[in-house]
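This report concerns only the one structure given below.
Read-outs throughout are calculated quantities, based only on the coordinates presented, and are distinct from any laboratory measurement. In this text, all values refer to a predicted model and were calculated from it rather than measured experimentally. Quick reminder, even Gly has a Cβ in these numbers, built from the backbone with ideal geometry, and neighbours come from all protein chains shown.
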Amino acid sequence: MASLIAPLTQPLVYEAGLRGVDANALSAKLGCEPSQLSDPERRIPIQNVFEAWELAMRQIREDRLPIDVGKHATVARFGILGYVMYTRGTVADGLSALCRYHDLINDSGRFRFEPGPETSIVYWEREGTRTLGHRVANEQVLAAGFAIAQQVLENGLPIRWVRFRHPAPRKSSGHDQHFGLKVSWEAAFDGVGIDSKVLSTPPLGRDEVVQGYFAEAAEQALRRVAKAGSWAVEVARNISELLPSGIPSVTAVAQRMNTSERTLRRRLASEKTTFERLVVEVQHQRAVELLAGPSTLSDIAFVLGFSDPTALSRAFRRWTGLSPSQWRRQREQGETT
């Protein structure tokens, strides 16, 4: 069951409480006691979170609530994920970490990072019916991500646009003010367009030694989350390990996980993804990570299961609009990563 860590709900209870919503009523919707919301080991089912949001919004009727809740986001509140992002070498590396480790705090949706020559896109993808709770929770996610970016970058995060799939609320001035631009509504996806020139910028906490420690801690935590029930994370890990021998079949991964192909596909479908989609996502994400280092295209192609560098180049151009060599040159020039 999709869930998020309890501390992420504390700002909702706090901000709603300031506006007169009973904290006990919200906690009841969340399925726990108010004192348990500070426990990072406790996870709240996402449906409970949506219901709590809906209760707050219907009582308050204040459209900027998800923005004010999002402003409470901090590196510390994001736990290991926050510190991995904060200590990475560049913004692009931090965004890659966000995509890889986001399940540690919230596995109800996923971030996807698509670098481009001028505008890079961070997609927020969460399936389900667009109820009131679902909609405002999505607004809060992007508001929180932007708030953290402003904290960890010396000059903030330059964005070109912000888009949401659902219709605009009655009053969206709070959203425009927070992001510093006119937010677009009823778009094709939820996401933020980032000026690619910032991707090579280091976060304020960049530290190669410390980031290695947090990355290892995040990997260990990710394995624990996978064992706790995230099939997509565990399948992705197995795909990554098998790629040097070629793109693995769903049968091969199922055998490694001691399950049947049918069960594996059914479990992934319940988490709103597919085996084929995970293969592409793992290849894409690992390609971005490896191209940021000194590895040759031949070595990267081998690690990612491509037959040769040409096959890798075709796939990378399809993902980003750039060849690997163009991507590297622009990263070195500070235009992209």
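Some observations on this one:
- Residue among ALA269, VAL136, SER313 farthest towards the positive dipole end of the chain, charges placed on Cβ: ALA269
- Interchain or long-range residues, amide H under 5 Å from SER108's placed H: SER3
- Size estimate for the range 97-221 follows the Kirkwood approach: the inverse of mean 1/r over distinct Cα pairs works out to 15.7 Å.
- The charge dipole of the chain, taken about its Cα centre with unit charges on the Cβ of Lys, Arg, Asp and Glu (plus for the first two, minus for the last two), comes to roughly 720 debye.
- The simple Förster model, with R0 at 35 Å and r as the Cβ-Cβ distance, assigns GLU261 and TRP185 a FRET efficiency of 0.30.
- Straight-line cross-link reach from LYS29 at under 12 Å between alpha-carbon atoms covers these aspartates and glutamates, not counting any fewer than eight positions away in the same chain: GLU51, GLU54.
- Estimated FRET transfer efficiency (LYS197, SER245; beta-carbon r; R0 45 Å; 0.05): 0.75
- LEU132 paired with ALA311, simple spin-label distance in nm, labels 7 Å along Cα-to-beta-carbon: 5.2 nm
- Computed label-point distance, nm, for sites ARG329 and VAL209 using a 7 Å Cα→Cβ extension: 3.8 nm
- Label assignment, P(r) over Cα pairs in 10 Å bins from 0, in percent derived from the structure, set (1) 5, 18, 18, 14, 16, 17, 10, 2, 0; (2) 6, 26, 37, 25, 6, 1, 0; (3) 5, 25, 34, 26, 9, 2, 0: (3)
- Stretchable slack from SER173 to GLN220, in nm (0.36 nm times residue separation minus alpha-carbon distance): 12.8 nm
- Within a straight-line Cα-Cα reach of under 23 Å, LYS182 can be paired with the following lysines, leaving aside sequence neighbours fewer than 8 residues apart in one chain: LYS71, LYS171, LYS197.
- Cα gyration tensor shape of the range 230-335, rounded if a/c is under 1.5, else prolate or oblate by comparing a/b with b/c: prolate
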